[in-house]
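Notes follow once the structure below has been shown.
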Amino acid sequence: MRYVAAYLLAVLGGKAAPVAADVEKILSSVGIEADAEKLKKVIAELNGKSVEELIAQGREKLSSMPVGGGAPAAAGAAPAAAAAEEKKEEKETKKEESESEDEDMGFGLFD
């Protein structure tokens, strides 16, 4: 993924067809050591292809993937989360009260 991202950054930077040295320079600027084999594979796969077309193809593939199914569970989880928050608040108030009781003892740990 980092090699593809660096390749895209090189394209955005004005290189129509970035070479391995361009991608290595970008990766090294953020402290990442490039693996020559992986980099060579990414360059070979992307060489001669339009980045805009690749992005459009990727969007088409992503749009065909199902991502639903979580809505009913989320609706039931909302009241439970609210109840859990109320319990948390009650515990925090009790904790604050107990801390103030410790202060009333007249001495501190680091006095």
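The values are calculated or read from the model by the stated rules, or taken from the named source; none is laboratory data. Since we're looking at a predicted model, the values are computed, not measured. In this analysis, Cβ positions are derived from the backbone assuming ideal geometry, glycine residues included, and neighbour counts consider all displayed protein chains. Heavy atoms of the whole protein, side chains included, go into the accessibility calculation; ligands, DNA and RNA do not. Shrake-Rupley method; radii C 1.70, N 1.55, O 1.52, S 1.80 Å.
Of the residues Leu54, Leu27, only one is in a helix (DSSP H, G or I) and modelled with pLDDT under 90; which? The match here is Leu54.
For residues that are in a loop (DSSP other than H, G, I, E, B) and under 21 Å from Gly13 (Cβ atoms), scanning just region 30-41, find the one that is least open to solvent (accessible area, probe 1.4 Å). The extreme case among them is Ala34. Candidates are the residues of region 19-29 that are free of Cβ contacts under 8 Å to residues at least 12 places away in the same chain and over 23 Å from the mean Cα position of the chain (by Cα); the one that is surrounded by the most Cβ atoms within 10 Å (Cβ to Cβ) is Lys25.
Open to solvent by 40 Å² or more (accessible area, probe 1.4 Å), farther than 19 Å from Gln57 by Cα and modelled with pLDDT of 90 or more: is that true of Lys15 in this structure? I'd like the intermediate steps shown before the answer.
On the way: open to solvent by 40 Å² or more (accessible area, probe 1.4 Å): yes; farther than 19 Å from Gln57 by Cα: yes; modelled with pLDDT of 90 or more: no.
Criteria not met by Lys15.
Of the residues making up region 60-74, one or more are modelled with pLDDT of 60 or more, open to solvent by 100 Å² or more (accessible area, probe 1.4 Å) and of a type in the set (Asp, Glu).
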